[in-house]
Amino acid sequence: MSDTPKTLFEKVWEQHIVAEPAGEPTLIYIDLHLIHEVTSPQAFEGLRLAGRKVRRPDRCVATVDHNVPTILADRFNIVDQIAAKQISTLRENCKEFGVELYDIGSREQGIVHVIGPELGITKPGMTIVCGDSHTSTHGAFGALAFGIGTSEVEHVLATQTLPQGKPKTFRIAVEGELPKGVTAKDIVLAIIGKIGTDGATGHVIEYAGSAIRSLSMEGRMTICNMSIEAGARAGMIAPDEITFEYLKGRRFAPKGEAWDKAVQEWSKLPTDPGAKFDRELIIDAATLVPYVSWGTSPGMVAPITAVVPNPAEAQSEADRRSFERALEYMDLKAGTLLEEIPVDRVFIGSCTNSRIEDLRAAAKIARGHKVSTHVSAMVVPGSMQVKEQAEAEGLDLVFKEAGFDWREPGCSMCLGMNPDILSPGERCASTSNRNFEGRQGRGGRTHLVSPEMAAAAAIAGHFVDVRTWSGLDEADEIQMSSTEAVN
Amino acid sequence: MEPFKTLTSLAAPLDRANVDTDQIIPKQFLKRIERSGYGEFLFFDWRNEPGFVLNDPRYAGSQILIADKNFGCGSSREHAAWALSDYGFRAVIAPTFADIFFSNAGKNGIVLVRLSEEQVTLLLDRAAKTPNYKLTINLEAQTVTDGLSGDEGFHATFEIDPFRKFCLIEGLDDIGLTLRHTAELDSYESKHDHANWLKPRPATASA
Ligand code: SF4
């Protein structure tokens, strides 16, 4: 081949260049614009004020997730009037501008980053944006997907394009076999712990290597989801048989001949041998363990077997100060074994870990056990379809029998814009993505973990090394029973 | 976005450094669903202070704000730019601006003029002491002047990124700019739409 070898990112980027005006950012075409209630109202109002239309309503999909209550009875009678207004505004905007909305009560409703993939709306090679930083999730399909601000939401609504400076590329290869009890969540927590929360700023990460290749789509989404926590513009994984297998038969996946043609096109996307990245990092999967975050930034993570670090050992003076502040906020003492930290709440959910596979993994740990008497634990499926599937598999019963609350889909306690929040001082094992001060409720203390680790903490009442959990090896037949599409 | 060529206006001196976006527009107003109407909440807490510059009738109607360094620091809320613009400000003069605010201001047609600390100190002083003190910002020439003549007069030049300058002068918001490429967009789209495998919900899909 005479062509220069290209990366996955470069291929997708180049296929979407609309114009490259000299001295200006490149104009990129957007294949899919996902919309939710919180960051869109001003964008729609901007269109109205300028007398503009949505250029391609067929390339927009909206849902409600951030504000929605997760208790069934509350969903159709939202008490928080400001939240209710944001939701009804989205309803009106979608109607006025002709955008498809998966509303409360519809079978498709769910967290925006969960429903795109499960409906087959998200596809390899696409450019995808949403007014939400965790849009990076969709990169798991080999799409270029990133979060945008409200002005940019308006820009995409009006023009279906975005002016963008070209990001740099960063290849992170995770090679080898993942040890038992170590999950996709642990891979990404390890990466963030290693490179820092600004470690990939200005870059698009491509995750590669045999450990990544062997992950399910759910696991790949978990990893791409948290790319933003490493500062990256986006995360991507090359599409392969696992990707195609996941998409095949989904509602908006191509069918028949169109499917074959699609697979043919998508198969051209993976990075060519010899393509150059601006940066590279290789991680040995065998060295990975389950991780727990101990501080107030996703970079503040440690192996479950470790102790809360001593600020005196921080690399820099600035780190030392932020470690001290974090420990004070988290009410933790240096030297405490992570396994000895008790939890008050457990949250299994969010666009990071609320897919069917996450729930299966948590249920596997919970099966036959009881949630500790001093812990309140909840499971919030990522979407109506995940909820239906889980119920069809009886996972809801496993959770309920163990004493978990089984809720309706939404963002829930990931950010507490709805009524699901921590009280001041409460400590939570959470499968979400951000442990910022007050993120899950003012004064609340968040520890980020995998679904398995969260379920085990709920039962033990404190963090435990899930690798030692009895029954971890059992019941794989429950897991395997349905890899087919949800619908 | 309204084009910005030259602006002559009263200048309000806000003699504070590190004016953060929480002060420009406090968080209780972020839950609103509108993009307009933030002007009345601009500097909400400070406006309870009787001596606050915007409460002084002398500065009523000023479209230029002069402030000390690191203006617009803090959160990324675009509401800060919306509030300034809705209140009527079209330009802010300061020694430095925070990054994100800088970008948000540009998207909303607000001209940010960086002058030296000495120049800003002088302007803050003159605007405070001289009744009806007006400044002229000429974006094409990249100058700031007051009406005074000879040695008395203030005259400064400022730097601005050529592309940003072009957008502000033409009054092109990003959408306006993109619309210059409508022909390219139309032709790209007509080809790209054949790529069925990149469609969110292909028409062929069964519901
Ligand atoms: S689940 Fe959390 S991180 Fe994901 S979109 Fe909702 S609020 Fe954002």
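The values are calculated or read from the model by the stated rules, or taken from the named source; none is laboratory data. It should be emphasised that the depicted structure is a prediction, and the values quoted were computed from it without experimental measurement. Using ideal geometry, Cβ is built from the backbone for each residue, glycine included, and neighbour counts are taken over all protein chains shown. Ligands, DNA and RNA are stripped out before the accessible areas are found, and what is left, the full protein with its side chains, is counted by its heavy atoms. Shrake-Rupley method; radii C 1.70, N 1.55, O 1.52, S 1.80 Å.
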Practice task
At a Cα cut-off below 19 Å, give the lysines reachable from residue B:165, other chains included and same-chain residues fewer than 8 away excluded.
Solution key: B:5, B:107
Handout entry: Under 18 Å from the Cα of residue A:85 - lysines, other chains or at least 8 residues apart
Key = A:95, B:27, B:31
Exercise for the section: With label points built 7 Å along Cα→Cβ from the Cα atoms of residue A:315 and residue A:278, find their separation and express it in nm. Expected result: 1.9 nm
Problem - Dipole magnitude (debye, nearest 20) for segment A:290-474, charges at Cβ of Lys, Arg, Asp, Glu - result: 280 debye
Exercise for the section: Leaving ligands, DNA and RNA out of it, work out the accessible area of residue A:281 with a 1.4 Å probe and give it in Å² to the nearest 10. Expected result: 40 Å²
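How shielded is A:56-65 by partner chains, expressed as the average number of their Cβ atoms within 10 Å of its Cβ atoms?
Details: counts 3, 0, 6, 6, 2, 2, 0, 0, 0, 0.
So the per-residue partner count for this stretch is 2.
With Cβ to Cβ distances under 11 Å as the rule, what net charge do the other residues near residue A:440 carry (K, R +1; D, E -1)?
Values: positive: A:345, A:427, A:434, A:439, A:442, A:445; negative: A:420, A:426, A:437.
Charge balance in the 11 Å sphere: +3.
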Completion exercise
Expressed in nanometres to one decimal, the distance between label points 7 Å along Cα→Cβ at residue A:210 and residue B:48 is 6.5 nm
Fill in the blank from the handout: Of the candidates B:142, B:72, B:41, the farthest towards the positive dipole end of chain B (Lys/Arg Cβ +1, Asp/Glu Cβ -1, centred on the Cα centre) is B:41
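Longest exposed-loop-site-free stretch of chain A, with GluC sites (Glu not before Pro), DSSP loop and at most 12 other Cβ within 10 Å?
On the way: sites that count: A:177, A:474, A:484.
No qualifying site falls inside A:178-473, the longest such stretch.
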Problem - residue A:445 accessible area, assembled protein chains, probe 1.4 Å, Å² - result: 40 Å²
Practice task
Keeping every protein chain in place, order A:52, A:467, A:220 by accessible area at 1.4 Å, biggest value first, i.e. largest first.
Solution key: A:467, A:52, A:220
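Work out the length of the dipole vector of segment B:1-158 about its Cα centre, built from +1 on the beta-carbon of each Lys and Arg and -1 on the beta-carbon of each Asp and Glu, and round it to the nearest 20 debye. Present the calculation step by step, with values, prior to reporting the outcome.
Working: 16 positive and 20 negative charges, 88 e Å.
Dipole about the Cα centre, nearest 20: 420 debye.
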Exercise for the section: With a point put 7 Å past each Cα toward its Cβ, work out how far residue A:334 is from residue B:155 in nm, to one decimal. Expected result: 6.1 nm
Handout entry: Listed residues A:62, A:215, A:259: farthest to the positive end of the dipole of segment A:8-282 (Cβ charges)
Key = A:259
Practice task
Would you check the accessible area of residue A:18, probe 1.4 Å, heavy atoms only, in square angstrom rounded to 10?
Solution key: 20 Å²
Handout entry: Dipole magnitude of the protein assembly as shown about its Cα centre (Cβ charges: Lys, Arg +1; Asp, Glu -1), debye to nearest 20
Key = 740 debye
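Let's test the formula: R0 of 25 Å, r as the Cβ-Cβ distance of residue B:18 and residue B:129. What FRET efficiency results, to the nearest 0.05? It would help to have the intermediate numbers written out before the result.
Details: r = 24 Å, r/R0 = 0.96.
The pair residue B:18/residue B:129 has a calculated efficiency of 0.55.
How big is the shadow of the Cα convex hull of the protein assembly as shown, averaged over all directions, in nm²?
On the way: hull surface 127.3 nm².
Over all viewing directions, the protein assembly as shown projects a mean Cα-hull area of 31.8 nm².
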Exercise for the section: Run down the lysines and flag those whose C-alpha is under 27 Å from the C-alpha of residue B:191, throwing out any fewer than 8 positions away in its chain. Expected result: A:6, A:11, A:53, A:123, A:166, A:248, A:255, A:261, A:268, B:199
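Can you list which of the DSSP-assigned H helices in chain A have a Cα extent of 18 Å or more along the long axis and an average Kyte-Doolittle score of at least -0.5?
Working: long enough: A:81-97 (24 Å, -0.56); A:317-330 (20 Å, -1.25).
Taking the DSSP H segments of chain A (at least 18 Å long, mean hydropathy at least -0.5), we get none.
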Handout entry: Pairs of Cα atoms farther than 26 Å apart, chain B, %
Key = 41 percent
Handout entry: CD proxy at 222 nm, helix term only [per DSSP H run n ≥ 4: -39500 (n - 2.57); per residue of the protein assembly as shown; nearest 500]
Key = -9000 deg cm²/dmol
Handout entry: Solvent-accessible ranking of A:370, A:95, A:185, B:199, largest area first, probe 1.4 Å
Key = A:95, A:370, B:199, A:185
Fill in the blank from the handout: Rounded to whole angstrom, the alpha-carbon centroid of segment A:273-306 lies from that of segment A:196-231 at a distance of 10 Å
Problem - Furthest towards positive pole of dipole, A:5, A:106, A:374, structure part chain A, Cβ charges - result: A:106
